[in-house]
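The values are calculated or read from the model by the stated rules, or taken from the named source; none is laboratory data. From a predicted model like this one, the values you see are computed outputs, not experimental measurements. When we count neighbours, we look across all protein chains shown, and the Cβ atoms used for this are built from the backbone with ideal geometry, even at glycine. Quick note on the areas: whole protein, heavy atoms, side chains included, nothing else; ligands and nucleic acids left out. Shrake-Rupley method; radii C 1.70, N 1.55, O 1.52, S 1.80 Å.
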Amino acid sequence: MSVDKNMPVLVVDDYKTMVRIIRNLLKQLGFENVDEAADGSSALDKMRTRPYGLVISDWNMEPMTGYELLKEVRADEKLKSTPFIMVTAEAKTENVIAAKKAGVNNYIVKPFNADTLKGKLESVLGTF
Amino acid sequence: MAPSDTVARAFGSLDDDEPTPVPMPRDLADAISEISRKDPKDLQLADALRVAEMSLRSVRAVFASLDELVYAESIMLAAYLNHARVGLKDFGPGKLQTTDLPAASVELNEVVKNTESAANAIMGSAEAILAADPETQADYPGFVQAQVLQIFEACSFQDITGQRIRKIAETIDSLSRHVESIARAVGFDPNLATEDAAPESDKEKWRRENLVHGPQTTETAIVQNDVDSLFDQNDIDSLFD
């Protein structure tokens, strides 16, 4: 099944610079329908008003972290199937494991390059 | 021996319910016994005055020993406080509070601004290059070259931020040395955990429980390949056993 590159993608990060970087990389990969949120709480509000085909989220954000957002998404009957990729500078084993246990689809460690992002997107959405 | 020990030995612990008994001087005890054996009709004013004088003398002796104890303790306290005062003076709390720490805070904010500005400039140039159409952009090679030069210029932020961060690191090192020095001057071992630390605020508690530690040093961080290996494992649950 081919990947619908027009699907809305939600990028969640409190650093505008990182949002811009991810948005540009996604654009290079053909994903131009990109929305953004500055923390888990506002991301959750957006997800409850419109469907997203993919969420790419940072971890360290206030007042709701990306990890808490992930748990909320997986606990929500309507949102639980949303593909979710964590993109974070956090590089401790126990946190990677915790994220996987909470249901994250994949995990990217910052800094990352376009090939890594493409690889993880394909692992979650399918080859494109 | 700590100052409080000398007082405690003189009077017993202040926490005691029963005061430590002080033996009565022998001559006073004898005088009281003699008077108690007399017929009340035979008692003279001189007898009462004699007992009163003996009582006063014995009380004076107790207070004299107490004076010595208090004096010794005061000397120790004065030395202790002087040591702390010298330590505080070396610490330079005035300069630290009014100059060094505010300057470090300003430098940190400038680092954030510098890096954000550089990142925006670099991305702006990159976006402009990507958006340009070689077919329609006038002097496309020159245009690309100009954008690339702007990227190189923006990368000079690393020199500026590096200097700022070095200044901040020096301030922190200095602060750390002075804190340890003053702690030792007042007899506090900074290596021991303290139970007297200010209680954690709700915000601090939330951050400790929810925020992770952010970027690790290159020596300790796991890399993408390590993360991918973890994700490839089928039995993550066993890692929690």
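For the stretch A:94-128, enumerate the residues that are more than 7 Å from chain B (Cβ to nearest Cβ), in a helix (DSSP H, G or I) and either aliphatic (A, V, I, L, M) or touching a Ser or Thr at 6+ places or on another chain (Cβ under 9 Å) (or both).
Within the stretch A:94-128, A:A98, A:A99, A:A102, A:A114, A:L117, A:L121, A:V124, A:L125 meet the criteria.
Here is a yes/no grid of residues against (1) without any contact (Cβ under 8 Å) to a residue 40 or more places away in the chain; (2) over 10 Å from the mean Cα position of the chain (by Cα); (3) open to solvent by less than 30 Å² (accessible area, probe 1.4 Å):
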site: A:M47; (1), (2), (3): yes, yes, yes
site: A:L54; (1), (2), (3): no, no, yes
site: A:M61; (1), (2), (3): no, yes, yes
site: A:T65; (1), (2), (3): yes, yes, yes
site: A:K71; (1), (2), (3): yes, yes, no
site: A:E77; (1), (2), (3): yes, yes, no
site: A:A89; (1), (2), (3): yes, yes, yes
site: A:K92; (1), (2), (3): yes, yes, no
site: A:I97; (1), (2), (3): yes, yes, yes
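Can you report the number of residues in the stretch B:134-178 which are more than 18 Å from B:K113 (Cα to Cα) and touching a residue at least 40 places away in the same chain (Cβ under 8 Å)?
So the answer is 5.
Check the stretch B:148-164 and report whether any residue there is open to solvent by 60 Å² or more (accessible area, probe 1.4 Å), part of a helix (DSSP H, G or I), of a type in the set (S, T, N, Q) and at pLDDT below 85.
yes
Could you please find all residues in the stretch A:72-93 being within 7 Å of another protein chain (Cβ to nearest Cβ) and in contact with a Lys or Arg (Cβ under 6 Å, 6 or more places away or on another chain)?
A:A89
Being farther than 19 Å from A:G119 by Cβ and either buried (at least 19 other Cβ atoms within 10 Å of the Cβ) or at pLDDT below 90 (or both): is that true of A:L26 here?
Spelling it out, it is not the case that A:L26 is farther than 19 Å from A:G119 by Cβ and either buried (at least 19 other Cβ atoms within 10 Å of the Cβ) or at pLDDT below 90 (or both).
Which one of these is under 19 Å from A:K118 (Cβ atoms), among the polar types (S, T, N, Q), within 14 Å of chain B (Cβ to nearest Cβ) and in contact with a Phe, Trp or Tyr (Cβ under 9 Å, 6 or more places away or on another chain): A:S2, A:S57?
A:S57
Which residue is modelled with the highest pLDDT, if the candidates are limited to the stretch B:165-206 and must be among the aliphatic types (A, V, I, L, M) and closer than 21 Å to B:Y80 by Cα?
So the residue we want is B:V179.
Condition (residue is within 11 Å of another protein chain (Cβ to nearest Cβ) and either open to solvent by less than 50 Å² (accessible area, probe 1.4 Å) or in contact with a His (Cβ under 8 Å, 6 or more places away or on another chain) (or both)) applied to the stretch A:30-40: is it met by at least one residue?
yes
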